[in-house]
1. Determine the gain in length on full extension of the stretch residue 64-residue 231; use 0.36 nm per residue of separation and subtract their C-alpha separation, reporting nm with one decimal.
2. Pull out the extension gain between residue 17 and residue 223, defined as 0.36 nm times the separation in residues minus the alpha carbon to alpha carbon distance; nm, one decimal.
3. At a threshold of 8 angstrom on Cα-Cα distance, excluding pairs fewer than six apart, so keeping six or more, what relative contact order does the chain reach in percent?
4. Provide the packing ranking of 52-58, 79-85, i.e. peptides ordered by the mean count of other C-beta atoms within 10 Å per residue, highest first.
5. What ranking of 89, 200 emerges when the number of other C-beta atoms within 10 Å of each C-beta is taken as an exposure proxy, fewest first?
6. Would you order 4, 231 from fewest to most other beta-carbon atoms within 10 Å of each residue's own beta-carbon?
7. Say R0 is 30 Å: what FRET efficiency, to the nearest 0.05, do residue 174 and residue 1 get from their beta-carbon distance?
8. Do you know the relative contact order of segment 57-118, to the nearest whole percent, from alpha carbon pairs under 8 angstrom that are 6+ apart?
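Readers should treat all values here as calculations from the given coordinates under stated rules, not as data from a laboratory. These numbers were taken from a predicted model, which means no experiment stands behind them. Counting neighbours? That spans all protein chains shown, and the Cβs are built from the backbone with ideal geometry, glycine included.
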């Protein structure tokens with residue numbers, strides 16, 4: 001499998017620890033502030049992005065859904081409100097994020113519909129063709145091996161099933177791109193230090209977005225893995241995209 005520049009972006013370049021372990025430790029450390037920072041840094045628009053990504057699955061009427069890199073379960077919770085699914089399973093490598101997600105799910109009395117378990121997105125612990133749909137929000141750029149993660153999501157998807165991936169992108173409009181880069185390089189790390197007490201994590205956020213093979217390049221990776229009918233939809237002037245494909 002190919003290695004991309006994105007695969008080598010890690011939270012701490014001076015550490016000899018593998019990317020996956022670094023990412024898990026990073027999210028454990030910021031778990032308590034993660035939801036607040038997501039909503040604050042996006043001015044709340046991230047909630048609407050999630051709804052749009054989920055609605056791409058609606059025509060398929062999936063009953064069994066896998067939420068990869070579920071974090072604190074925001075995507076799974078929103079999907080339970082939009083899709084009439086029987087079961088949504090969320091996996092993540094950060095136990096700190098999962099624990100917060102389970103508390104949210106219990107408070108909403110959704111335990112019978114949503115289950116969050118620790119799991120590796122690149123070695124998914126489910127049989128082939130287990131799910132009607134797979135979804136990811138802001139998770140694929142944290143994969144240690146992007147191609148392997150994409151191939152795994154295809155493997156556990158049932159024939160005829162669909163994937164919806166939500167991910168940050170860089171605007172193509174030069175004026176917007178300049179403002180976006182200033183915001184991501186300067187403002188976001190400053191807020192990360194102020195509110196989450198972790199400037200490094202939010203520097204990594206920007207670095208991983210900058211290195212990620214977005215739009216047509218990411219669709220090419222999905223096509224190489226075996227996804228069909230792939231397409232993307234640009235959101236909010238290009239600062240975010242939905243990527244979809246079918247098996």
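1. Working: separation 167, 0.36 × 167 = 60.12 nm, distance 2.25 nm.
Computed gain between residue 64 and residue 231 is 57.9 nm.
2. 71.1 nm
3. Numbers: 456 pairs, mean separation 52.1, N = 247.
It rounds to 21 percent for the chain.
4. Details: 52-58: 19.4, 79-85: 17.7.
The peptides rank, most packed first, as 52-58, 79-85.
5. Listing 89, 200 from fewest to most nearby Cβ atoms yields 200, 89.
6. So the residues, fewest neighbours to most, are 231, 4.
7. 0.30
8. Values: 108 pairs, mean separation 23.5, N = 62.
RCO, segment 57-118: 38 percent.
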